[in-house]
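Everything on this sheet refers to the single structure shown next.
The values are calculated or read from the model by the stated rules, or taken from the named source; none is laboratory data. Nothing here was measured: the structure is a model prediction, and the numbers come from that model. No Cβ is skipped: glycine too gets one built from the backbone with ideal geometry, and neighbour counts run over all protein chains shown. Side chains are part of the model used for accessible areas, which takes the heavy atoms of the whole protein and leaves out ligands, DNA and RNA. Shrake-Rupley method; radii C 1.70, N 1.55, O 1.52, S 1.80 Å.
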Amino acid sequence: MKKLLIVLFWLVLTYLVAIYVHWFLSFLTPLIFIPWLKLDLLRSLLLGFLVIFIVWFSAAVILNLRNTGVLAEMISGLVNVSSPLLLLATGFIGGFGGALTSWLAYVMSTPYKLVDSSRNDVID
Amino acid sequence: MIHLRRLLMPILFCIGYTLLLYYPINTSSGSLPPIGSFFNPFSGFWQNAEKTTPGGRINLSGMGIIDPVVIVFDERMVPHVYATDDLDLALLQGYLHAKDRLWQMDITARQASGRLAEIFGGRLLENDQRMRRMGLAKTAENLAKNWAACDDYKYLENYVAGVNYYINNLSKKEFPVEFKLFNYHPELWSIEKTAHVVMSMNLMLCGRNEDLAATNTRHLLGMKDFDDLFPKWNPKQSPIIPSEVDWSDSGNQKRKDQSVIGFRPERMINDAPRHIGSNNWAVQAGKTEDGFPILCNDPHLSLTLPSIWYEIQMKSEEYNAYGVSLPGIPHIAIGFNEYIAWGETNVGMDVSDLYEIEWVDSARNSYHLDGKVMNVSLEVEEFKVKNAAPVLDTIKQTIWGPVFFEEGRSLALQWLPNLVSDNCIIASFESLNRATNFLEYYESLRPFKSPAQNFIFASKEGDIALKVQGALPIKPAKEGRFILDGSKKGNEWSGYVPFESTPFVHNPVRGFVASANQHPTDTTYPYAYHGYFDDFRGRSLNERLHRMDKISIADMKALQNSTFDLSAAELLPLLLDLVVDTMDSSWLTDLKMWNHEFEGDAIAPVKFSLWENAFNDLIWDEISAGESTADAEMLYPELWRTIEMLEKTPDHPYFDLTGTSKVETAKDLALLSLDKSMHIYDSLTQDTPNLDWKTFRSVNINHLSRIPAFSIAGIDVGGTANALNSIKGTHGPSWRMIVQLSDPIKAWGIYPGGQSGNPGSPYYQNMISDWARGEYYELHFAASPDALKDFTSMTITIKS
């Protein structure tokens, strides 16, 4: 339950950061939340991907719905994919960035353990 | 120490990682936009997905408005601006142009200033060099300085301020999608950029030059044959100014034609098509059903998305005009106010001449002129190129203008728009927008120098008029048609036709004035001129307006949408007569039954077009053979001359094919071309049975960057080049307007596009299908915002 709340908080924060600060900073939010959630590598990657995917995908879906797909159709023609695929591609690009940062966040949290364990002073 | 290292290392790692991730995701690769910044839904292209219901808050309080203003957007998002002060109108027109058409304005100005390679890379460098060499950027710079002396400069300054208010308040996520796609930022607007847009119009409307082709063709055929095949005057022509007009002015003196004769391997790249077919006409009250004058105008320009036009109404205490404006240029170009209506078609006079330069030595820095040695002035132009080093180009300036071709024999270009630095085009539009009667219309045209236009006029008072206005160079009879000797100063132009002597007609006896890009005058006009004139639409229009009486608005709509082609009506019977006793087939029956209407779903126009093209290919085999042998640009006779030859000299030597021992006549060519066209038709219909005209002649409205996804292809529409509904592949009626000068004024209009330049807007292309069907919208020329309440989509109120 606690972890679910953290993930929800992560989603909201990512939205707010992307809207009000800079879209690129949405990629960096895993640096806060992955160490906090203390997941293994695979789960970190998947969750990082999923959170940013959801944020980017849902934002694109909302914009697309209020535009009744007019622009999506144009851009789809430009990049030779269908409109639904364009939405998925948007989510995937975001998710990819999120997964990469999650990997970084996971790796960064690991050296603490290594350093501390060499001193027999493991801090979890 | 350990703590510091434990803290520092992750931070450095984070920064490094961020940079590593940020760089590839935010950097463009080749022609592709940066993937992250383009796709992200917070500032990328998704932000351009406009809501289908207009709305939202627009705060314009910091704009510097003098008095309160209300802007009402009607159901097609046409803004109706209600201000008190004229300068507020200027600010808001600039703002609205930028709001809806910023990228179009940017790219139009860049094209004329030779700066496209900065955005699109080296493939457009040659185009940029040609623009600078033609002098567009330099002339725009001079125009911008000289406009300070024109009336209405303050209005222009405010217009620019309005554009820049929009740009300065634009966040990256609000950039038009093309800026995101091509990965660059909008620049602040300036008066010079407005001058670039004016020069872009000059390039489109009077940038054509056929001197090279004409000189080569005359060399190939000889002077006698050239004069026979390319006569200057079509005897069937029905000029703009009716023959009843008496030219009391004196003509210009004749001079010996001193053209240089010789092949030139280069080819001119003509940005303007040969006939930009526009129509305008005005009929007096006595000829109309309701007893009010009616004015119609449909300028046929390049059909693009965003559209070349932006519809707007602007009202202040002293100004109330409605019509279409050109994004980047203030005021209304074609429209009406509470008293008058006006419109334009292109004149098409040749205002561009090539002069051969006689260099003193191989250094090519000095040239002969009347026995004296003149030095060129060198101008170094720098071209920025995307993803490449800048390129420098040296342009040599002579007394004639820039040296345009330098390889082999050199040619300098004299182009009128570069010479008329007092071209107060904006002041002219401003006066026209405010004019209340005939005299004010007439005087408003005085500052207008280029590109020359047929300005049509009608007023509530019942006047109709048409003036051919622009700086018209005074040239001897044949001068300007061929390359001239640049070593003789006597070959220069002898000034311009005085304003009072440019062709003009006011309230003619026939009860109408009209133009369709044909010859402005008959042969009695005292000033010799040459140009690229229409030979069929003008005749067709004059003949039909003569016939018409009790004209209704529906009649005017039908006339603007007429797909009848006079050239087909004249050529086809002649061709059929030649083959009728030799061949009989259902193919020919279709053509015999055809009414010469180029309707979209008709099949006969396809057959005729194939036959006409095949016939033309055979007749002018001498010229096409010369063109391919010498690899030199050639000129081909006009269709009216072919028709005249068929009518009067069916055994003309040019009907004989050069590659055969037999002496062919027109009949042989008609049969051969018929056979060829039937074969082509059969092969085409194997893939597309019932191939109709709209499918055969596809009409496309391309996005300005030619991105297919932002363009509309294969529009279901009729019309052809020589019909009043003059639609070619990418050219056609860019704005159809009908104004009834009643009280209150009633008007109808449409253009093929939409008010928004944003491909993600529901108003990007919303008028195209109605335009293709020949439909019109009633234009809401409302006196106040309240009068628009039934049509309002959105309102912006600005307090001072």
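Would you calculate a helix-derived [θ] at 222 nm for the protein assembly as shown, using -39,500 (n - 2.57) for each DSSP H run of n ≥ 4 and dividing by the full residue count, to the nearest 500? It lands at -12500 deg cm²/dmol. A 1.4 Å probe run over the protein chains yields, for the protein assembly as shown, 39 Å² of accessible area per residue, whole-number rounding. Taking θ as phi - 60° and the Karplus parameters 6.51, -1.76 and 1.60, the scalar couplings of the stretch B:427-439 work out to 5, 5, 4, 4, 5, 5, 4, 9, 4, 10, 7, 4, 5 Hz in sequence order, x denoting glycine and proline.
Length gained on full extension, B:SER552 to B:LYS384, computed as 0.36 nm times the residue gap minus the Cα-Cα distance: 54.9 nm. Which of the residue pairs B:LYS287/B:LYS728; B:LYS145/B:LYS172; B:LYS138/B:LYS172; B:LYS51/B:LYS99 have a Cα-Cα distance greater than 22 Å in the structure shown? Beyond 22 Å between Cα atoms: B:LYS287/B:LYS728; B:LYS145/B:LYS172; B:LYS138/B:LYS172. Taking GluC sites (Glu not before Pro) across the stretch B:318-427, the ones in a DSSP loop with at most 12 further Cβ atoms lying within 10 angstrom of their Cβ are B:GLU318, B:GLU407.
Given Cα pairs under 8 Å that are at least 6 residues apart, what percent is the relative contact order of chain B?
Values: 1677 pairs, mean separation 154.2, N = 800.
Relative contact order, chain B: 19 percent.
Only protein heavy atoms count here; on that basis, with a 1.4 Å probe, B:LEU12 has an accessible area of about 100 Å². For chain B, the Kirkwood hydrodynamic radius comes to 28.4 Å, computed from all pairs of different C-alpha atoms. Over the stretch A:2-117, Cα pairs under 8 Å with separation of 6+ residues give a relative contact order of 36 percent.
Report the trypsin sites (Lys or Arg not before Pro) located in the stretch A:21-109 that are in a DSSP loop and have at most 15 other Cβ atoms inside 10 Å of their Cβ, or state none. Write out the running numbers ahead of the final one.
Numbers: sites: A:LYS38, A:ARG43, A:ARG66; in loops: A:LYS38.
Within the stretch A:21-109, the qualifying trypsin sites (Lys or Arg not before Pro) (loop, at most 15 other Cβ atoms within 10 Å) are A:LYS38.
Given R₀ = 51 Å, what would the calculated FRET efficiency be for B:THR84 paired with A:LEU65, taking r from the Cβ atoms and rounding to 0.05? With a Förster radius of 51 Å, E is 0.80. The calculated FRET efficiency for the pair B:ASP621 and B:THR27, based on their C-beta separation and a Förster distance of 56 Å, comes to about 0.55.
What do you get for the angle between helix B:125-134 and the principal long axis of chain B? Use alpha-carbon atoms, 0 to 90 degrees, nearest ten. Tilt relative to chain B: about 70 degrees. Considering the stretch A:2-117 at the alpha-carbon level, its Rg and Dmax are found to be 16.0, 57 Å.
In degrees, nearest 10, range 0 to 90: what is the angle between the Cα axis of helix A:83-118 and the longest Cα principal axis of chain A? Rounded to the nearest ten degrees, it is 10. A DSSP coil position with no more than 14 other Cβ atoms inside 10 Å describes the following GluC sites (Glu not before Pro) in the stretch B:118-192: B:GLU187. Residue order by solvent-accessible surface for B:LYS799, B:LYS396, B:LYS488 is B:LYS799, B:LYS488, B:LYS396, largest first, with ligands and nucleic acids left out and a 1.4 Å probe. The calculated FRET efficiency for the pair B:ARG446 and B:GLN397, based on their C-beta separation and a Förster distance of 22 Å, comes to about 0.15. 3J(HN,Hα) along the stretch B:770-778: 5, 4, 5, 7, x, 8, 10, 10, 6 Hz, from the Karplus curve 6.51 cos²θ - 1.76 cosθ + 1.60 with θ = phi - 60°, whole Hz, x for Gly and Pro.
Relative contact order of the stretch B:277-329, taken over Cα pairs closer than 8 Å and 6 or more residues apart, is 26 percent. Taking the Kirkwood radius as Rh and the Cα radius of gyration as Rg, the protein assembly as shown has a ratio of Rg/Rh equal to 1.03.
The angle between the Cα long axis of helix B:2-25 and the longest principal axis of the Cα atoms of chain B comes to about 20 degrees, rounded to the nearest 10. A crude spin-label estimate for the pair A:LEU4 and B:THR524, with each label 7 Å from Cα along the Cβ direction, gives 9.6 nm.
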